[in-house]
Amino acid sequence: MAATVRPRPKIVTLTDAAAERVRQIMTKAERPVVGLRVGVKNGGCAGMEYTMEWAEEQKPFDELVEDKGIKLLIDAKAIMFLIGTQMDFQTSSLKSGFVFNNPNQTSACGCGESVQIKPAATEAAPAGT
């Protein structure tokens, strides 16, 4: 009996607004870039902060995600914290910026600069597989 292969969940997806904003900014980059590196780091009052930086090259352990024509390089240490995250770009009368809609986020600080994130749950393989 052949094993059933499940598709891997996307680590990060982009809304149309986020993809368009990354595309706009990328055209103004001072140096050639291969994509946007996304990750998380320890910091802030809630425990973790999202990070974004231009990637001039893909590192050996980066996970490449392509969505809406944009290449995202996900830091290997951040994968379990970002699985299922949607990256959006929102504009209001007071501010504009990227917003992460992360199902693994359990809370955020009052200022919105840091979050508490738990690693994504992994399903146990059925016995005998």
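The values are calculated or read from the model by the stated rules, or taken from the named source; none is laboratory data. Because the structure is a prediction, the values reported are computed rather than measured. Note: ideal-geometry Cβ built from the backbone for every residue, glycine included; neighbour counts use all protein chains shown.
Details
One line per residue, one yes/no per condition, for (1) surrounded by 14 or more Cβ atoms within 10 Å (Cβ to Cβ); (2) of a type in the set (Gly, Ala, Ser); (3) on the phi < 0 side of the Ramachandran plot:
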position: 47; (1), (2), (3): yes, yes, no
position: 53; (1), (2), (3): no, no, yes
position: 57; (1), (2), (3): no, no, yes
position: 63; (1), (2), (3): yes, no, yes
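- Restricting the range 1-28 to residues that are in contact with a strand residue (DSSP E or B) (Cβ under 6 Å, 6 or more places away or on another chain) and of a type in the set (A, V, I, L, M), the residue that is modelled with the lowest pLDDT: 11
- Complete set of residues in the range 75-107 that are touching a helix residue (DSSP H, G or I) at 6+ places or on another chain (Cβ under 6 Å) and under 19 Å from residue 64 (Cα atoms): 87, 88
- Tallying residues that are part of a strand (DSSP E or B), farther than 16 Å from residue 8 by Cβ, of a type outside the set (Asp, Glu) and touching a residue at least 24 places away in the same chain (Cβ under 8 Å) within the range 27-86 yields 17.
- Tabulated pairs, the range 89-100, first surrounded by 11 or more Cβ atoms within 10 Å (Cβ to Cβ), second acidic (Asp, Glu), C-beta under 6 angstrom, 6+ apart or interchain: 99/88
- Given (1) at pLDDT 90 or above; (2) within 12 Å of the chain's Cα centre (by Cα); (3) surrounded by fewer than 17 Cβ atoms within 10 Å (Cβ to Cβ), index of the condition residue 69 fails: (2)
- Of all residues making up the range 87-105, the number that are assigned to a strand (DSSP E or B) and closer than 26 Å to residue 27 by Cβ: 11
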